[in-house]
1. Among the residues of region 50-62, are any under 22 Å from residue 125 (Cβ atoms) and either surrounded by 17 or more Cβ atoms within 10 Å (Cβ to Cβ) or outside the structural domain of residue 161 (by TED's automatic domain parsing) (or both)?
2. Of these, 177, 109, which one is surrounded by 13 or more Cβ atoms within 10 Å (Cβ to Cβ) and in contact with a helix residue (DSSP H, G or I) (Cβ under 7 Å, 6 or more places away or on another chain)?
3. If you check 203, 195, 161, which single one turns out to be at pLDDT 90 or above, buried (at least 18 other Cβ atoms within 10 Å of the Cβ) and not in a helix (DSSP H, G or I)?
4. Scan region 80-99 for residues that are more than 23 Å from residue 38 (Cβ to Cβ) and either surrounded by 20 or more Cβ atoms within 10 Å (Cβ to Cβ) or not assigned by TED's automatic domain parsing to the domain that holds residue 43 (or both) and report the count.
5. Looking only at region 186-201, decide whether some residue is under 26 Å from residue 114 (Cβ atoms) and under 19 Å from the mean Cα position of the chain (by Cα).
6. Please count how many residues of region 30-59 are more than 16 Å from residue 73 (Cβ to Cβ) and not in a loop (DSSP other than H, G, I, E, B).
7. Would region 159-168 turn up any residue that is within 16 Å of the chain's Cα centre (by Cα) and without any contact (Cβ under 8 Å) to a residue 40 or more places away in the chain?
């Protein structure tokens, strides 16, 4: 899952980014509201973590602008504003969740997973596709009831394709989701090939000239 972090505090922002990266999330961190809106318009992430006290645009205004522009990406407000009125304002402005600083990292991660599941139309932590089962909380995968070990990129690629079942994901979409920097030219194909070896060639279909997909 790719996360957009909009947080102006350099120490807190770096701490959150590194902690989530250690837990195998891709995190794009920006420090202004304008940069956050631009990132949302250009390449919507899986989930947004939004601070309210930004230097240029108040977080509530940013959220309202995003919703007015039909950007439906799940947003978790992460702020020091703990008054009930602030919580109500944030949720009424289009936030999907609200967490007050200081916070517990495990709770933050659990809330992010829950938001992403709901945005994908799932309520449970288990993602089932025929004989393939993914426990998204434990990052554990089984195939035909046998555990399968996946590398970080393989797991993230598999999850992206399963969450988009029935839809074609372009090469660009997948590379933006999976790789922090520009990948080697054949990196995506290498990971696709590896998944096909582990789960069968029929799992991932190549749509020539477009991208890849998992059938429903």
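The values are calculated or read from the model by the stated rules, or taken from the named source; none is laboratory data. No experiment lies behind these values; they were computed from the predicted model shown. When we count neighbours, we look across all protein chains shown, and the Cβ atoms used for this are built from the backbone with ideal geometry, even at glycine.
1. no
2. Of the residues listed, the single one that is surrounded by 13 or more Cβ atoms within 10 Å (Cβ to Cβ) and in contact with a helix residue (DSSP H, G or I) (Cβ under 7 Å, 6 or more places away or on another chain) is 177.
3. Matching residue, one of 203, 195, 161: 203.
4. Residues flagged as more than 23 Å from residue 38 (Cβ to Cβ) and either surrounded by 20 or more Cβ atoms within 10 Å (Cβ to Cβ) or not assigned by TED's automatic domain parsing to the domain that holds residue 43 (or both) within region 80-99 amount to 1.
5. No: zero hits.
6. Number of matching residues: 1.
7. yes
To keep it simple, each residue is scored yes or no on (1) modelled with pLDDT of 95 or more; (2) more than 27 Å from residue 175 (Cα to Cα).
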{"site": "7", "(1), (2)": "yes, no"}
{"site": "13", "(1), (2)": "yes, no"}
{"site": "21", "(1), (2)": "no, no"}
{"site": "25", "(1), (2)": "no, no"}
{"site": "28", "(1), (2)": "no, no"}
{"site": "32", "(1), (2)": "yes, no"}
{"site": "45", "(1), (2)": "no, no"}
{"site": "69", "(1), (2)": "no, no"}
{"site": "78", "(1), (2)": "yes, yes"}
